[in-house]
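Trainee: Let me give you the structure first, and then I'll get to my questions.
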Amino acid sequence: MPTFATLAGATRKRRSLLLVLPLVAAAAVAAAAVVVVSPGNAATATTIKRWETRLADLGCNVGRVDGRVDDHTRTAVVRFQTRHRLSPSGTFTTTTRTRLMSSTAKRCDVRPVPASTGSGRRIVISQRQDWVWLVRADGSVRAQGGMIDAEWLDKQWYTTGSYCGRPARGNPRTNYKGTQWLYHFVRFAPCGVAFHRVPVSMRTGRQIHPNWYLGTDEKTSDGCIRLSATMAAEVWEFTKVKTRVRVM
C-alpha cells in the first residue's frame, strides 16, 4: 500500500499541474495574439489594426482592418513605401512604421508628377512607383493611379500610335487576347506594348487579379501596362489625339 509520504507527494504534483495548466493556456492565447510582421518584429493584432487604419486614412487601399497581415495589407504597405521612397518590402519595418505614424506621412493615392518629365500634355509612367499620371497641357493632373507592368521598357519618350503594322487602339469593349478581354487597349511602344484594363476572363467575366495589386510588383504583366477600369477609360479618352508618353 502507498505510504502517507507517497500520497502527499502525489497530491502536491496534482496541485502543481493544476497551477501550471492555466499558465500554459494563457501563454498560448498571448502567443496567438502576436503576429510576426517582419524579421525580428512582432506586433499584436491591436497594433496592426492601428497601422491598417492609418494606411486606410492615407488612401493606400489596405482592405479590411482586421489586425491580420495578408496579401492585401502587404500591397498597401508597398504602395506606402514607394510613395515615401522606401524599399518596397511589404513589411512593417521600423522605418516604415515611423513614417506611417508621422504627422507628415503622405497619401498613397495622390502623388506629384516626377521631376524631369518635360512639360506640356503627356502621360508619365514611373516604373519605380508603379504609377501613371495623365498630365494636361497646363501641367495639371487629369487622372493618376497604380499600374502593373513587366518593368522592361527603356526609360525614354514614346508616342501613342500604331506600331509594327498594328493599330493604335483596339475596340474599347471587345479587344482581346486568347481567352481574356483587354478593354480600352491603347498602344504606345513597339510592338504590342499598350495600356489596358486588368485582363478580364471571358469565361468568368472577372478580372484575372484584383485592383489592389495595382501599384506594386506583386503581379507581372505580359509587357503591357495594366490599369483599373476607371484609369484605363481615362487613358482611352486622353489619347484620342496622339499623346507623348514618358517612361521613368
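The values are calculated or read from the model by the stated rules, or taken from the named source; none is laboratory data. Treat the numbers as computed from the prediction; the structure is a model and nothing was measured. No Cβ is skipped: glycine too gets one built from the backbone with ideal geometry, and neighbour counts run over all protein chains shown. We work out accessible area using only protein heavy atoms, side chains counted, and drop any ligands, DNA or RNA first. Shrake-Rupley method; radii C 1.70, N 1.55, O 1.52, S 1.80 Å.
Trainee: Starting from residues that are assigned to a loop (DSSP other than H, G, I, E, B), of a type outside the set (Lys, Arg) and modelled with pLDDT of 95 or more, keep the ones in the range 132-155 and report whichever is least open to solvent (accessible area, probe 1.4 Å). Let's see the steps before the verdict.
Mentor: Filtering the range 132-155 for residues assigned to a loop (DSSP other than H, G, I, E, B) gives 136-140, 147, 149-155.
Going one step further and asking which of them are of a type outside the set (Lys, Arg), we end up with 137-140, 147, 149-154.
From what is left, the residues that are modelled with pLDDT of 95 or more are 137-140, 147.
Working: Ala137: 77, Asp138: 124, Gly139: 44, Ser140: 41, Met147: 0 Å².
Here the residue is Met147.
Trainee: Here is a further query. Between residues in the range 218-246 that are touching a residue at least 24 places away in the same chain (Cβ under 8 Å) and of a type in the set (Ser, Thr, Tyr) and residues that are open to solvent by 70 Å² or more (accessible area, probe 1.4 Å) and not in a helix (DSSP H, G or I), which pairs lie under 7 Å by C-beta distance while being six or more apart or on different chains?
Mentor: Within 7 Å, the pairs are Thr243/Arg121.
Trainee: Give just the number: which of (1) in a loop (DSSP other than H, G, I, E, B); (2) under 15 Å from Met248 (Cα atoms) does Val110 not satisfy?
Mentor: That leaves (2) as the condition not met.
Trainee: If you don't mind, another one. Of the residues that make up the range 71-86, is at least one open to solvent by 20 Å² or more (accessible area, probe 1.4 Å), in contact with a Gly (Cβ under 8 Å, 6 or more places away or on another chain), in contact (Cβ under 8 Å) with a residue 12 or more places away in the chain and assigned to a helix (DSSP H, G or I)?
Mentor: yes
Trainee: Okay, moving on. When you go through Thr117, Thr104, Thr91 one by one, which is the residue that is at pLDDT below 95, assigned to a loop (DSSP other than H, G, I, E, B) and hydroxyl-bearing (Ser, Thr, Tyr)?
Mentor: Thr117
Trainee: How many residues are under 18 Å from the mean Cα position of the chain (by Cα) and surrounded by 21 or more Cβ atoms within 10 Å (Cβ to Cβ) if we restrict to the range 116-128? Step through it out loud before you land on a result.
Mentor: Applying the first criterion (under 18 Å from the mean Cα position of the chain (by Cα)) to the range 116-128 yields 125-128.
Filter once more, so that each one left must be surrounded by 21 or more Cβ atoms within 10 Å (Cβ to Cβ): 125.
Adding up the residues that qualify gives 1.
Trainee: Can you pull out every residue in the range 98-115 that is in contact (Cβ under 8 Å) with a residue 12 or more places away in the chain, surrounded by fewer than 19 Cβ atoms within 10 Å (Cβ to Cβ) and either of a type in the set (Gly, Ala, Ser) or within 16 Å of Asp57 (Cα to Cα) (or both)?
Mentor: Answer for the range 98-115, where residues must be in contact (Cβ under 8 Å) with a residue 12 or more places away in the chain, surrounded by fewer than 19 Cβ atoms within 10 Å (Cβ to Cβ) and either of a type in the set (Gly, Ala, Ser) or within 16 Å of Asp57 (Cα to Cα) (or both): Arg99, Met101, Ala105, Lys106, Arg107, Asp109, Val110.
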